Amino acid sequence: NVQTVPRPGHADYASWLQCGKIPTGGGKWSGRMTAPLCIAGGIALQMLKLRGVTIASTVKRGAEGAVIPDGDSVGGIVEVVATGFPAGYGDVGTDGLESKLAAAFFGIPAVKGVEFGDGFKLADQLGSQANDAFEIKRDQGSGIRDQVVLKTNHCGGILGGVSVGMPIVARLAFKPTPSIAIEQDSVDLATMTPAKITVKGRHDRCVAFRGAVAAEAAMAIVLATELFG
């Protein structure tokens, strides 16, 4: 009955609204669509490495240590950081680096929130706490000229949509895997009657661990486009 009964948490109902049907496996909304993203991201990561830019991710909160009832799932937070990315790249508005990165991150299925730097914590801080003071990093005989750097990195490496030479830090909130073995309420869209649905098969209990790889790929594509595009 999955062809007419939308699975809660999935894009089945969205597909029905746009296409009049529920595609097998989720169609263009499926998490499988991260496969080409990761292929392109892998190439971008190699390109960035040539310029001394590296990207790494960490699952900050998720299934580790969480008590998950049988058949259920849990969400997680992925932190992805780019180091070595040079200052001066990006623009304003929707052409800003944060805007482009956010668009790429939200293109990953299950991502429901994105923040940069201290993100939502900044809403509870004073300006004197949130501002990143500037200082000069002097050449210590290495041949590298004096540089302007930030003493802290509350901004996450981006100011005004432009990179400032600090690590670019983003965190992505992944919702719990929507495919769960627990029976849930739904409706049969063909008959407009109540229905029950249970999603069978093998599914990740926390999608954030796989999502971390997709997050690295998405960041790599955006940054490589800035550097080489």
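Determine ³J(HN,Hα), in whole Hz, for all residues of the range 169-180 in sequence, where each value follows from phi through the Karplus function 6.51 cos²θ - 1.76 cosθ + 1.60 and θ = phi - 60°; x replaces Gly and Pro.
Each residue of the range 169-180 in turn: 10, 9, 10, 10, 9, 9, 6, x, 3, x, 7, 10 Hz.
Pairs of Cα atoms under 8 Å, at least six residues apart: use those to get the relative contact order of the chain, whole percent. List each step's numbers first, then the result.
Details: 431 pairs, mean separation 71.9, N = 229.
Computed value for the chain: 31 percent relative contact order.
If you plug each phi of the range 210-222 into the Karplus form 6.51 cos²θ - 1.76 cosθ + 1.60 with θ = phi - 60°, what whole-Hz ³J(HN,Hα) values come out, in order, with x for Gly and Pro?
These are the phi-based 3J(HN,Hα) values: 6, x, 4, 5, 5, 5, 4, 5, 4, 5, 4, 5, 5 Hz.
Starting at the first residue of the range 77-84, write each ³J(HN,Hα) from the Karplus equation 6.51 cos²θ - 1.76 cosθ + 1.60 with θ = phi - 60°, in whole Hz, x for Gly and Pro.
10, 10, 9, 10, 10, 10, 10, x
Between the alpha-carbon centers of the range 169-223 and the range 86-156, tell me the distance in whole angstrom.
Here the two parts' Cα centres lie 29 Å apart.
I need the calculated FRET efficiency for the pair LYS21 and THR191, taking r as the beta carbon distance and R₀ as 22 Å, to the nearest 0.05.
0.90
Given H placed 1.01 Å from N in the peptide plane, which residues other than close sequence neighbours of THR177 have an amide H under 5 Å from its amide H?
For THR177, whose amide H was placed from the backbone, the distant partners under 5 Å are VAL74, VAL207.
Answer rounded, prolate or oblate for the range 88-229, using the Cα gyration tensor with square roots of eigenvalues a ≥ b ≥ c: rounded when a/c is under 1.5, else prolate when a/b is larger than b/c, else oblate. Could the numbers behind the result be given before it?
Details: a/c = 2.89, a/b = 2.48, b/c = 1.17.
Cα axes put the range 88-229 in the prolate bin.
Heavy-atom accessible area per residue, the range 37-112, 1.4 Å probe: how many Å²? Present the calculation step by step, with values, prior to reporting the outcome.
Numbers: 4120 Å² over 76 residues.
Averaged over the residues of the range 37-112, the accessible area is 54 Å².
First compute the accessible area of the range 50-171 with a 1.4 Å probe, then give the percent of it belonging to carbon and sulfur atoms.
Result for the range 50-171: 53 percent of the exposed heavy-atom area is carbon or sulfur.
If packing is taken as the average count of other Cβ atoms within 10 Å, what order do 202-214, 116-128, 68-80, 46-58 fall into, highest mean first? Please report the intermediate quantities before stating the final value.
On the way: 202-214: 20.1, 116-128: 12.6, 68-80: 17.5, 46-58: 15.3.
Highest-to-lowest ranking by the protection proxy: 202-214, 68-80, 46-58, 116-128.
Describe numerically, in nm with one decimal, the distance between label points set 7 Å from Cα along Cα→Cβ at ARG32 and at PHE106.
Label-label distance for ARG32 and PHE106, simple model: 2.7 nm.
What FRET efficiency would be calculated for the residue pair GLN147, THR4, taking the C-beta separation as r and a Förster radius of 45 Å, to the nearest 0.05?
On the way: r = 61 Å, r/R0 = 1.35.
The formula returns an efficiency of 0.15 here.
Taking amide H atoms as placed 1.01 Å from N in the peptide plane, list the residues 5 or more away in sequence, or in a different chain, whose amide H sits under 5 Å from that of THR4.
none
Take the residue pairs LYS49/LYS121; LYS28/LYS175; LYS100/LYS137; LYS49/LYS100 and return only those whose Cα atoms are more than 22 Å apart. Spell out each step's value before the answer.
Working: LYS49/LYS121 31 Å; LYS28/LYS175 19 Å; LYS100/LYS137 29 Å; LYS49/LYS100 20 Å.
Check vs 22 Å cut-off fails for LYS49/LYS121; LYS100/LYS137.
The values are calculated or read from the model by the stated rules, or taken from the named source; none is laboratory data. Keep in mind that what you see is a predicted model, and the values were worked out from it rather than measured. Using ideal geometry, Cβ is built from the backbone for each residue, glycine included, and neighbour counts are taken over all protein chains shown. Heavy atoms of the whole protein, side chains included, go into the accessibility calculation; ligands, DNA and RNA do not. Shrake-Rupley method; radii C 1.70, N 1.55, O 1.52, S 1.80 Å.
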